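To start, the structure under review is shown below, and the notes come after it.
The values are calculated or read from the model by the stated rules, or taken from the named source; none is laboratory data. This is a predicted model, so every value here is computed, not measured. With ideal geometry, Cβ positions are generated from the backbone for all residues, glycine too; neighbour counts draw on all protein chains shown. All accessible areas refer to the heavy atoms of the entire protein, side chains included, with ligands and DNA or RNA removed. Shrake-Rupley method; radii C 1.70, N 1.55, O 1.52, S 1.80 Å.
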Amino acid sequence: MSARTLVVAAGIVGGAVSSQAPEFTQQYRQRLGGALQELRTIVEDFDADATRSDLSRQEALNRYRASADAFLRERGMSIGRTIHRYESLQRQAARFETWPDFARPAALIGESDPTLVHGAWQEFRPGVPLTATGAIWAALGFLAAALLAQGGRMAGRGTAGAARRRGVPATRQGRAAYAGEMIGGAPEVLPDPDGPTVDDGRHIRR
């Protein structure tokens with residue numbers, strides 16, 4: 001496979017993968033809405049209980065954490081984690097509402113909920129992108145993967161060029177001869193009966 005074909009193939013694979021980002025994001029958003037509704041009920045009930053006792057949310061949490069009862073301390077830590085997750089999901093939902101369609105998949109990069117990601121992935125079924133947003137992400141994936149492949153190709157060529165500049169032969173036989181020379185001194189190179197003398201590592205006598 002030629003280097004150019006490899007770059008194009010990498011771009012196609014990258015485009016195919018990234019084109020699924022909008023659909024995955026949509027499924028994640030559906031789960032996000034359900035989780036928010038469930039957590040909102042828990043948090044609002046906790047806030048209402050705190051208000052009836054003339055406490056703020058933080059003051060109520062501090063009461064739990066300062067309790068001598070281990071059960072109450074654990075309960076306070078649990079509700080604290082629930083509130084933290086609820087606030088995180090609220091921020092995510094706000095980004096999804098305010099960001100344009102083509103940018104919404106990027107919202108998952110900065111902050112996402114592992115439980116929702118896992119659930120969305122379990123139910124996710126790839127499809128053919130038929131929207132402009134899907135086409136944009138396919139193009140972005142193609143360009144990113146192709147650039148990475150091209151960069152790896154250029155890095156490989158740079159390494160080979162540096163080896164040649166150091167005098168390391170390019171062939172496998174030549175490299176073996178070069179290694180022997182570095183370890184045990186310069187080998188004696190025998191003339192090739194079929195042509196001019198070539199130090200390719202094939203005719204070496206100690």
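Phe24 - would you say it is in a helix (DSSP H, G or I), open to solvent by less than 80 Å² (accessible area, probe 1.4 Å) and under 17 Å from His118 (Cα atoms)? Break it down into steps so the answer makes sense when it comes.
Values: in a helix (DSSP H, G or I): yes; open to solvent by less than 80 Å² (accessible area, probe 1.4 Å): yes; under 17 Å from His118 (Cα atoms): yes.
It is true that Phe24 is in a helix (DSSP H, G or I), open to solvent by less than 80 Å² (accessible area, probe 1.4 Å) and under 17 Å from His118 (Cα atoms).
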Exercise. Considering only region 50-72, state which residues are of a type in the set (D, E, K, R) and within 42 Å of the chain's Cα centre (by Cα).
Key: Arg57, Glu59, Arg63, Arg65
Self-check item: Residue check for Arg31: in contact (Cβ under 8 Å) with a residue 60 or more places away in the chain, surrounded by 14 or more Cβ atoms within 10 Å (Cβ to Cβ) and in a helix (DSSP H, G or I)
Solution: yes
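Looking only at region 47-73, which residues are of a type in the set (D, E, K, R) and touching a Lys or Arg at 6+ places or on another chain (Cβ under 8 Å)?
We begin by selecting, within region 47-73, every residue of a type in the set (D, E, K, R); these are 47, 49, 52, 54, 57, 59, 63, 65, 69, 73.
Listed by number, the residues that qualify are Asp47, Arg65, Arg73.
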Practice problem: Pull up region 34-89, narrow it to residues that are more than 20 Å from Gly119 (Cα to Cα) and touching a Leu at 6+ places or on another chain (Cβ under 6 Å), then point me to the one that is surrounded by the fewest Cβ atoms within 10 Å (Cβ to Cβ). | Solution: Gly80
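Among the listed residues Ala48, Ala10, Ala68, which satisfies the condition of being small (Gly, Ala, Ser), at pLDDT below 95 and part of a helix (DSSP H, G or I)? Break it down into steps so the answer makes sense when it comes.
On the way: Ala48 fails: at pLDDT below 95; Ala68 fails: part of a helix (DSSP H, G or I).
Exactly one residue qualifies, and that residue is Ala10.
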